[in-house]
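Student: Below: one structure in structure tokens.
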Amino acid sequence: MESICIHIVEGNPHLRSLLGWHLQQAGFWVEQSGSIQHAKLLLNNEQLTLVVLDSDLPDGDSLEFCHGLHHDRQYRILMLSPRSTESDIVAGLKAGADDCLIKPFGMREFMARVEALLRRFRGMNIPLLLDYGLLKINLAQRKVYLKAEKIELTPQEFSLLYVLAQAQGTALSRLELLRRAWPEAIDNPRTIDTHILSLRKKLETKPRQPMLIQTVRNVGYRLNMTFLQEKTTTNQRSFLA
């Protein structure tokens, strides 16, 4: 399955987090920036397909930035604007935006605009099943299968496992896991440890000697993608339920 990366450049941290959560739930890899300067540092991602761009960023001209994105790499661009006049919308489209969405907007409309842009310009289907070898995540039904066996997870556990899987082996800090998994319920990052322990109890025979969800010292946690891609053997069965 081809990975689709969407970069959100939005000055409002609450809206940025909310948009990111909905996109992640739909199966996309998401990057987030609160400024043009930070966005430029992350624009070397070769899998980046769509940029969701706030028209009123705090550190520069969003229209000029939009024009550069469109001209240099031909990214798909969805501009978010608090201004609904015809001249403002035309200015965004002329700067290179493929679509403009007026604030405030509903999440259903936002996701529909994203999906329409991807279908229109890339012919891609929104992924509903993520296949990581031994682990499969059904986003439509929010179900998880490990070695073809259904694993019952709470909504919080499902979101956390999905974020770990989406990172594809990259270690994420507790704060980053918390922000990505539950952006609307930011709390003590140490609560991640409780949910990680719960996941290990459900996914691994020996939670104290985890093979799947690994602790990375001084960083956080990662999913062992190499382990997932290996063929099921007798030795692997001794580790996983």
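The values are calculated or read from the model by the stated rules, or taken from the named source; none is laboratory data. Given the structure is predicted, the values throughout are model-derived calculations rather than measurements. In this analysis, Cβ positions are derived from the backbone assuming ideal geometry, glycine residues included, and neighbour counts consider all displayed protein chains.
Student: Which members of region 217-241 meet the condition of being surrounded by fewer than 11 Cβ atoms within 10 Å (Cβ to Cβ), modelled with pLDDT of 70 or more and either in contact with a strand residue (DSSP E or B) (Cβ under 6 Å, 6 or more places away or on another chain) or part of a helix (DSSP H, G or I) (or both)? Lay out the reasoning, then the answer.
Tutor: Of the residues in region 217-241, the ones surrounded by fewer than 11 Cβ atoms within 10 Å (Cβ to Cβ) are 217-218, 226, 231, 233-235, 238.
Subset that is modelled with pLDDT of 70 or more: 217-218, 226.
226 - this is the single residue of region 217-241 that is surrounded by fewer than 11 Cβ atoms within 10 Å (Cβ to Cβ), modelled with pLDDT of 70 or more and either in contact with a strand residue (DSSP E or B) (Cβ under 6 Å, 6 or more places away or on another chain) or part of a helix (DSSP H, G or I) (or both).
Student: Out of all the residues in region 45-59, is one or more at pLDDT 85 or above and in a helix (DSSP H, G or I)?
Tutor: Scanning region 45-59, I find no residue that is at pLDDT 85 or above and in a helix (DSSP H, G or I), so the answer is no.
Student: May I pose another question? Mind checking whether some residue in region 163-174 is of a type in the set (A, V, I, L, M, F, W, C) and touching a Pro at 6+ places or on another chain (Cβ under 9 Å)? Break it down stepwise before answering.
Tutor: Restricting attention to region 163-174, the residues satisfying the condition of being of a type in the set (A, V, I, L, M, F, W, C) are 163-165, 167, 171-172.
With the extra rule that they be touching a Pro at 6+ places or on another chain (Cβ under 9 Å), the set shrinks to none.
Scanning region 163-174, I find no residue that is of a type in the set (A, V, I, L, M, F, W, C) and touching a Pro at 6+ places or on another chain (Cβ under 9 Å), so the answer is no.
Student: Here is a further query. Quick one: count up the residues across region 46-69 that are among the charged types (D, E, K, R) and buried (at least 16 other Cβ atoms within 10 Å of the Cβ).
Tutor: Going through region 46-69, the residues among the charged types (D, E, K, R) turn out to be 46, 54, 56, 59, 61, 64.
Filter once more, keeping what is buried (at least 16 other Cβ atoms within 10 Å of the Cβ): 54.
Summing the residues that are among the charged types (D, E, K, R) and buried (at least 16 other Cβ atoms within 10 Å of the Cβ) in region 46-69 gives 1.
Student: For region 51-62, check the following and say yes or no: at least one residue is among the hydrophobic types (A, V, I, L, M, F, W, C) and farther than 23 Å from residue 108 by Cα. If you could, list the steps in order and put the result at the bottom.
Tutor: The initial filter retains those residues of region 51-62 that are among the hydrophobic types (A, V, I, L, M, F, W, C), namely 51-53, 57.
Okay, now just the ones that are also farther than 23 Å from residue 108 by Cα, so 57.
Looking for residues that are among the hydrophobic types (A, V, I, L, M, F, W, C) and farther than 23 Å from residue 108 by Cα, one finds at least one in region 51-62, hence yes.
Student: Next question, about the same structure. Mind listing just one residue for me: the one in region 79-111 that is among the charged types (D, E, K, R) and in a loop (DSSP other than H, G, I, E, B) and, of those, farthest from residue 57 (Cα to Cα)? First the steps, then the outcome.
Tutor: Of the residues in region 79-111, the ones among the charged types (D, E, K, R) are 83, 86, 88, 94, 98-99, 103, 108-109.
Cutting the leftovers down to in a loop (DSSP other than H, G, I, E, B) gives us 83, 98, 103.
Details: 83: 14, 98: 18, 103: 14 Å.
Only one residue tops the list, namely 98.
Student: For region 195-216, indicate whether the set of residues that are more than 25 Å from residue 152 (Cβ to Cβ) and at pLDDT 80 or above is non-empty. Can you show your working first?
Tutor: Of region 195-216, the ones more than 25 Å from residue 152 (Cβ to Cβ) are 216.
Subsequent filtering for residues that are at pLDDT 80 or above retains 216.
Looking through region 195-216, at least one residue is more than 25 Å from residue 152 (Cβ to Cβ) and at pLDDT 80 or above.
Conditions (1) free of Cβ contacts under 8 Å to residues at least 40 places away in the same chain; (2) surrounded by 17 or more Cβ atoms within 10 Å (Cβ to Cβ), marked per residue:
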site: 12; (1), (2): no, no
site: 26; (1), (2): no, yes
site: 40; (1), (2): yes, no
site: 78; (1), (2): yes, yes
site: 83; (1), (2): yes, no
site: 96; (1), (2): yes, yes
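Student: So, one more: Quick check on residue 139: is it closer than 18 Å to residue 29 by Cα and touching a residue at least 40 places away in the same chain (Cβ under 8 Å)?
Tutor: Numbers: closer than 18 Å to residue 29 by Cα: yes; touching a residue at least 40 places away in the same chain (Cβ under 8 Å): yes.
It is true that residue 139 is closer than 18 Å to residue 29 by Cα and touching a residue at least 40 places away in the same chain (Cβ under 8 Å).
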